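Quick note: the coordinates plus some simple rules give every number you see, no bench work behind them. Source: prediction; values computed, not measured. We place every Cβ from the backbone using ideal geometry, glycine too, and count neighbours over all the protein chains shown.
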Amino acid sequence: MIEVQKLTKYYGSFCALKEVSFSICEGERVGLLGPNGAGKSTMMRILTGFMPASYGIAKIGKYEVHEYPLEAKRLIGYLPERVPLYDEMTVKSFLKFVAGIKGLSSGEWKNAVDEVVHTCGLEEVYNRVVGVLSKGYRQRLGLAQALVGSPPVIILDEPTVGLDPQQVVEIRELIKNFGGKHTVLLSTHILSEVSLLCSRALILNMGKIAAEITIDPSRPSGEIEQAFLKAISKEGIR
Amino acid sequence: MKSVLTIGKREFISFFVTPSGYVILGLIALLTGTAFVLSFLTYVQISQSPSQFGYSSVPDFEETFLSPYFVFCGIMIMFLSPIITMRLFSEEYHRGTMELLLTYPLHDRDIIFGKFSSALTVLLFAVILIALNVFLLLPFTEVEWSVLLFGLCSVFLMGMAVLSIGLFISSLITYPITAGLVSFGVYLIMFIIGNVAEKLPAVAPLPNTFPLLLKNVVEKIYGLFRALLLELPLDNHAKNMALGILEPKDISYYLLCTAFFIFLTFRSLESRNWRK
């Protein structure tokens, strides 16, 4: 469902991604791990069509993101790291706006919005202005806008950063409930989050895939930690 | 088209759930209303005793009062329009919502025309406010419909060109206040250039000792430069139209100016996709 081949991104002379390649199958939940500045957000921004790669191929479904941006974007629901929202709108009008932009007809948007409001637990704040929502509700709303129209691929950039422990648990439960309906690519630097939510983890370090780990829930969680530390040490870079 | 309407509607509503829509329409109503009353009272005084003001008879109503009023309204809109345009793209960049917008399945044209159409709708409201002032006169005096119609058209076309410049500037700058100030500065420069160009001598002031060939070349360049400076200001092209004289060059100027800056906005937005 997601295919990346030799993806390279330069910011001026700085190389943020160096020939990164991986693929993610339909229905899979994959975590993108890495320290700050590893290139996780850059990878997500390229996959969502927000910025182009310098070289390489990024495909969503059968569409190359740079060549067929519209077709690729129709398959994606994206939650950026800072959860940018229109503060002056109400939750209802914001989700209706997103549904309209995603091409849902006036007959479809009500069902689509009702569904994500229910999934993300936004009933209580449905008529509230976005600007007064708590951080947890803003994160839920960010997830809800990504889920509107039920796109097959969900890309989440650090979805639990800055939340209190209870909100973190709630958001993780939400992501868990995506089930096999969506292919999920999740970026984080919280190792336990990946072991809880994903079946596979890609470790990015200094713009390269340093390791790939298949997560086995029966194995002790310390194993991911060790694999991560090994991968981000210089010896671990392939 | 549906996406253009969706974006335009959101943008237009957000003008009026934040103070900016009320501020700009309020200021336009206040300033154009005050100018209307003051210039009308002045015209009444002139028509009561024309000789006192240097006129041999009662001056023409349209030429003395109505046309300058429309040009004034256009200039007013020009200087107030940064309040509308500064938020169009800059605010999206500033609060990060551009990242959302650019990752939704939208063409650049949906975003640009959606935003521009919302700004045009606010402009239309401003023109309606100006028209209300003038329509108050209709029961008391006969007004030439061509002056009224083309005068209002000149205000709208001038506003449209100004909004397209502001839209482009907003697409380049991350901070709304900076975008607003830069737009204001550009309009001010264009306005001043017009006044300066009018004061320039028609022929290049060169000494007689200048070699003839060089003198001819310099005069040609000077003439071209002066003509360009005279044509550049936005308000100059509204003057004829506000008199009820419809010249294709004036309408073309506003339409081409709008198309040019919308084209530049397209290029500005597209530049993010240039592979580096």
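What the table shows:
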read-out	value
Theoretical gain in end-to-end length, B:M1 to B:S51 [0.36 nm per residue, Cα-Cα removed]	12.1 nm
222 nm mean residue ellipticity, helices alone, for chain B (DSSP H n ≥ 4; -39,500 (n - 2.57); rounded to 500)	-25000 deg cm²/dmol
Sorted by Cβ neighbour density within 10 Å, fewest at the top, the residues B:S56, A:S41, A:S106, B:S183	B:S56, A:S106, A:S41, B:S183
Two-decimal Rg to Rh for chain A - Kirkwood Rh, Cα set	0.97
Loop-resident sites, region A:107-158, for GluC sites (Glu not before Pro), counting at most 11 other Cβ within 10 Å (DSSP)	none
Cα convex hull of region B:104-248 - mean projected area over all directions, nm²	14.0
Surrounding net charge for A:D87, when Lys and Arg each add one and Asp and Glu each subtract one, Cβ distance under 11 Å	0
Karplus-derived HN-Hα couplings along region B:144-160 (A = 6.51, B = -1.76, C = 1.60, θ = phi - 60°), whole Hz, x at Gly and Pro	5, 5, 5, 5, 4, 5, 6, x, 5, 4, 5, 5, 5, 5, 5, x, 4
Relative contact order of region B:2-273, pairs being alpha-carbon contacts under 8 Å that are 6 or more residues apart, as %	28
Residue-by-residue Karplus 3J(HN,Hα) for region B:178-194, coefficients 6.51, -1.76, 1.60, Hz, glycine and proline x	4, 4, x, 5, 5, 4, 4, x, 4, 5, 5, 4, 4, 5, 5, 3, x
Dmax and Rg, reported as Rg then Dmax, of region B:29-126 (C-alpha, Å)	21.5, 68
Rounded to the nearest 20 debye, dipole of region A:10-73 from Cβ charges on Lys, Arg, Asp, Glu	180
Dipole moment magnitude, nearest 20 debye, the protein assembly as shown about Cα centre, only Lys, Arg, Asp, Glu C-beta charged	1320
Antiparallel bridges, percent of DSSP beta bridges restricted to the protein assembly as shown (to nearest 5)	55
Share of pairwise Cα separations in region A:43-170, more than 18 Å, in percent	55
FRET E, pair A:E225, A:E19, Förster distance 35 Å, beta-carbon r, rounded to 0.05	0.85
Angle in degrees between helix A:91-101 and the longest Cα principal axis of chain A, rounded to the nearest 10	70
Helical mean residue ellipticity (222 nm; -39500 (n - 2.57) per DSSP H run of 4+; nearest 500) of chain A	-10000 deg cm²/dmol
Using θ = phi - 60° and Karplus 6.51 cos²θ - 1.76 cosθ + 1.60, couplings along region A:64-71 (whole Hz; Gly, Pro as x)	6, 4, 6, 7, 10, x, 5, 5
Residues in region B:15-34 that a label on A:V129 would reach, taking backbone N under 13 Å of a point 7 Å out along Cα→Cβ	B:15-20
Net charge dipole size for region B:32-170 [Lys, Arg +1 and Asp, Glu -1 on Cβ; Debye, nearest 20]	300
Net length gained if the chain between B:Y175 and B:A204 were fully extended (0.36 nm per residue, minus Cα distance)	6.2 nm
Farthest toward positive dipole pole in region A:125-238 [+1 Lys/Arg, -1 Asp/Glu at C-beta], among A:A231, A:V168, A:T183	A:T183
Unit charges at the beta carbon, dipole of region B:38-143: most positive-side option, B:T121, B:M86, B:V71	B:M86
Pairwise centroid distance, computed over Cα atoms, of region B:131-153 with region B:206-265, Å	30
Ranked list, fewest to most other Cβ atoms within 10 Å of each Cβ, for B:C73, A:C15	A:C15, B:C73
Whole-number D in µm² s⁻¹ for the protein assembly as shown, Kirkwood Cα-pair radius fed into Stokes-Einstein, 37 °C, 0.692 mPa s	124
Cα convex hull of chain B, projected area averaged across orientations, nm²	20.3
